[in-house]
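> Following this message is one structure expressed as structure tokens.
Readers should treat all values here as calculations from the given coordinates under stated rules, not as data from a laboratory. Everything numeric here is computed off the predicted structure, so don't read it as measured data. Cβ sites come from the backbone with ideal geometry, for glycine too, and all protein chains shown count toward neighbours.
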Amino acid sequence: MLKDITIGQYLSGDSFLHKLDPRTKIIAVILYMVSLFIVNNFWGLGAMLVLSLAVVLISRIPLRFFFRGIKAIVFIVLLTVALQMFMTPGEPLWELGILKITKEGIRQAVFMGTRLILLVSVTSILTLTTTPISLTDGIETLLKPFQKIGVPAHELAMMMTIALRFIPTLIEETDKIMKAQSARGADFESGNLMERAKAMIPLLVPLFLNAIKRADELALAMEARCYHGGDGRTRLKALQYGRRDAVAGVFCLCMAAGAFLTRLL
Amino acid sequence: MIRIHHVTHMFKKESTKHEVKALDDVSLDILEGEHIAVLGHNGCGKSTLAKHLNALLLPTAGTVEVDAVDTANEADLWTIRQMVGMVFQNPDNQLVATTVEEDVAFGPENMGMEPAQIRQRVDEALALVGMSAFKDKGPHLLSGGQKQRVAIAGIIAMRPKYIVFDEPTAMLDPTGRREVMETMQRLNREEGITVINITHFMEEAVLADRVVVMERGRIVLSGTPKEVFTKVDLLKQMQLDVPPVAELAALLHKEQKQIAADIMTIEEMVTELCP
């Protein structure tokens, strides 16, 4: 049952977005987020909406993946919309006691709601079209310039790689321990929340002990294979920008500039 | 040649603060191209000895020299670790990367090699252990024997002269054990890599050129498998098993002097009894 868990929810494919360099995609997402919050009128927001739909279509990812993402944040969206609607001061349209909806409030609510939904959908394209490994590589290379000011770029990437490597192993182990405990009468399924949480303790203790032992042995094995940090280390697959990335980069810069210009309308 | 010269290693036990002598004045020369098996009980010091060969541990007294380079010499640490590869017991806890080929590339990457050269070495190493078809797979999708072969490929990619196997088959099923032993022997015979196999399986020790038996941090017996396994009484005294065929040969030899006592394999026994 635990084997069904997938991390990073990568969806293999060969769309334009799948083939982009992970660094381009990370920067593009950042530029997109900035643009989304720069635009302050409906022309700009409309343009971002059309653009986002275009990106979704280019990614060739089934729409249900986006609906699933939006479903997960539906509560936050509703809360934000409600807060904006009732709390923004301005010209009142409707009033009931202390509750009042203003014209500015509705405007703000529409803006924030749309922004949130677009934000979640487009950022999920990043993880849906990029394998966890190349995402890690991308983050490492992008953070490298900040190494001088103390950002542990290589160490962060190494930690992420090892975490990704051991997630399936630890899930398998949890499954095994659970079965072993169930065979001896442990009950993980019934009882109230407190009881179920308590039943997890005999599961977590061996799991943690084993994980620490694994970490110890892995460190030894890495040292035996000449691992001595990121200095002087090369990679089998070096990231390389292609013509695609130039196209995407120019496009993203245009988007950011365009978003800025819509403010002048 | 690896020269272990009067090595003593002391451990401080965390719980009791007592000093424990894990290795007690051990001397051993490992020749190039040799296949040597180190036998012994749990806690006899065989794993401690193994970790001295590539400077994961340093001797408290005495010296270990790899091709005349002292392992205590910190400047040569990475050269020594490249020359002496090490395969560990738990196949899961020595694979670092999320795909087989990235994992095999880990060693060469640490050595700072060019991507094209890494690619070539990875492909060669995977072909050598017969795992090329799995290069894009995640390690968690492989069997124990396959994982251990990937770990061996990861070592081969660094082109070591010596490979230390620290109980590589202890956690494997019979199929996995056979896969690993076949790979080990092929590397020794065809690639000329010196193999040091730390084990407690007698069937594996029989395959070696030389067997070293350890007890309480000392080397107590050393010689060819035939020399060592004919000392049935002594081995039993140390509570070590004797390969069943060797034990049978010893028993038969006691009754019938014309039957040779140094028979190690079933085939040899068959020719001995029905010539």
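> Other chains' Cβ within 10 Å of B:108-118 residues: what's the mean?
On the way: counts 4, 8, 11, 5, 5, 3, 2, 5, 1, 2, 5.
Mean number of neighbouring Cβ atoms from other chains: 5.
> Taking the Cα-to-Cβ direction at A:F37 and at A:A82 and moving 7 Å from each Cα, how far apart do the two end points lie in nm?
Inter-label distance under the simple model: 2.5 nm.
> Indicate the gyration tensor shape class of the stretch A:77-214 (rounded, prolate or oblate), computed on the Cα atoms with a ≥ b ≥ c the square roots of the eigenvalues: a/c under 1.5 is rounded; otherwise a/b larger than b/c is prolate and the rest oblate. All intermediate terms of the calculation are to be shown ahead of the outcome.
Details: a/c = 3.35, a/b = 1.48, b/c = 2.26.
Note, shape of the stretch A:77-214 comes out oblate.
> Run through the stretch A:180-265 and list the GluC sites (Glu not before Pro) located in a DSSP loop whose Cβ has at most 15 other Cβ atoms within 10 Å. All intermediate terms of the calculation are to be shown ahead of the outcome.
Values: sites: A:E189, A:E195, A:E217, A:E223; in loops: A:E189.
The qualifying sites are A:E189.
> May I ask you to sort B:L248, A:L209, A:L128 by Cβ crowding, counting other Cβ atoms within 10 Å and putting the fewest first?
Details: B:L248 15, A:L209 10, A:L128 21.
So the ranking, lowest neighbour count to highest, is A:L209, B:L248, A:L128.
> Now a separate question. Over what distance in Å are the Cα centres of the stretch B:198-260 and the stretch B:121-182 separated?
About 29 Å separates the Cα centre of the stretch B:198-260 from the one of the stretch B:121-182.
> For B:Q120 and A:R107, FRET efficiency with R0 = 56 Å and r from the beta-carbon atoms, rounded to 0.05?
0.35
> List the residues, sorted by chain then number, that are 5 or more residues from B:V220 or on another chain and whose placed amide H is less than 5 Å from its amide H.
B:V213, B:M214, B:E215
> Over the whole of A:232-241, what's the average partner chain Cβ count within 10 Å per residue? Rounded to a whole number, please. Don't skip to the answer; put the middle values down first.
Working: counts 5, 6, 11, 5, 16, 6, 3, 0, 0, 0.
Mean shielding count: 5.
> Please label the shape of chain A as rounded, prolate or oblate, based on the square roots a ≥ b ≥ c of the eigenvalues of the alpha-carbon gyration tensor (a/c under 1.5 means rounded; beyond that, a/b larger than b/c means prolate, else oblate).
Cα axes put chain A in the oblate bin.
> Take the alpha carbon atoms of the stretch A:172-195, find their center, do the same for the stretch A:63-87, and report the distance between the two centers in whole angstrom.
Each part reduced to its Cα centre gives a spacing of 35 Å.
> Taking R0 as 41 Å, what FRET efficiency do you get between B:A68 and B:S143 from their Cβ-Cβ distance, rounded to the nearest 0.05? The partial results should precede the final answer.
Details: r = 40 Å, r/R0 = 0.99.
Efficiency for this residue pair is about 0.50.
> Which lysines does B:K226 reach when only Cα atoms under 20 Å apart count, and residues fewer than 8 places away in its own chain are ignored?
B:K236, B:K254, B:K257
> Another one. Cross-link candidates for A:K25: which aspartates and glutamates have Cα within less than 20 Å, leaving aside residues fewer than 8 places away along the same chain?
Counting by Cα, and skipping residues close in sequence, A:K25 has these aspartates and glutamates nearby: A:D14, A:D137, A:E140, A:D245.
> Another question about this same structure. With the cut-off at 1.5 for a/c, could you classify chain B from its C-alpha gyration tensor as rounded, prolate or oblate? List each step's numbers first, then the result.
Numbers: a/c = 2.00, a/b = 1.31, b/c = 1.53.
In terms of gyration-tensor shape, oblate.
> So how strong a dipole does the protein assembly as shown carry about its Cα centre when Lys and Arg Cβ are +1 and Asp and Glu Cβ are -1, to the nearest 20 debye?
On the way: 57 positive and 61 negative charges, 517 e Å.
With Lys and Arg at +1 and Asp and Glu at -1, about 2480 debye.
> Scan chain A and report its longest stretch carrying no chymotrypsin sites (Phe, Trp or Tyr not before Pro) that are both in a DSSP loop and have at most 15 other Cβ atoms within 10 Å. Intermediate results must be reported in sequence, preceding the final value.
On the way: sites that count: A:F188, A:Y241.
Within chain A, the longest run free of exposed chymotrypsin sites (Phe, Trp or Tyr not before Pro) spans A:1-187.
> Right, something else. A:A219 to A:E95: FRET efficiency via 1/(1 + (r/R0)^6), r the Cβ-Cβ distance, R0 60 Å, to the nearest 0.05?
Values: r = 66 Å, r/R0 = 1.09.
My answer for the efficiency is 0.35.
> Lysines within cross-link reach of B:K13: Cα-Cα under 22 Å, excluding same-chain residues under 8 positions apart?
Excluding near neighbours in sequence, the set is A:K213, B:K21, B:K46, B:K51.
> Return B:R189, A:R184, B:R210 ranked ascending by Cβ neighbour count within 10 Å, so the fewest neighbours appear first. Walk me through the numbers before you get to the answer.
On the way: B:R189 12, A:R184 7, B:R210 19.
With the sparsest Cβ surroundings first, the list reads A:R184, B:R189, B:R210.
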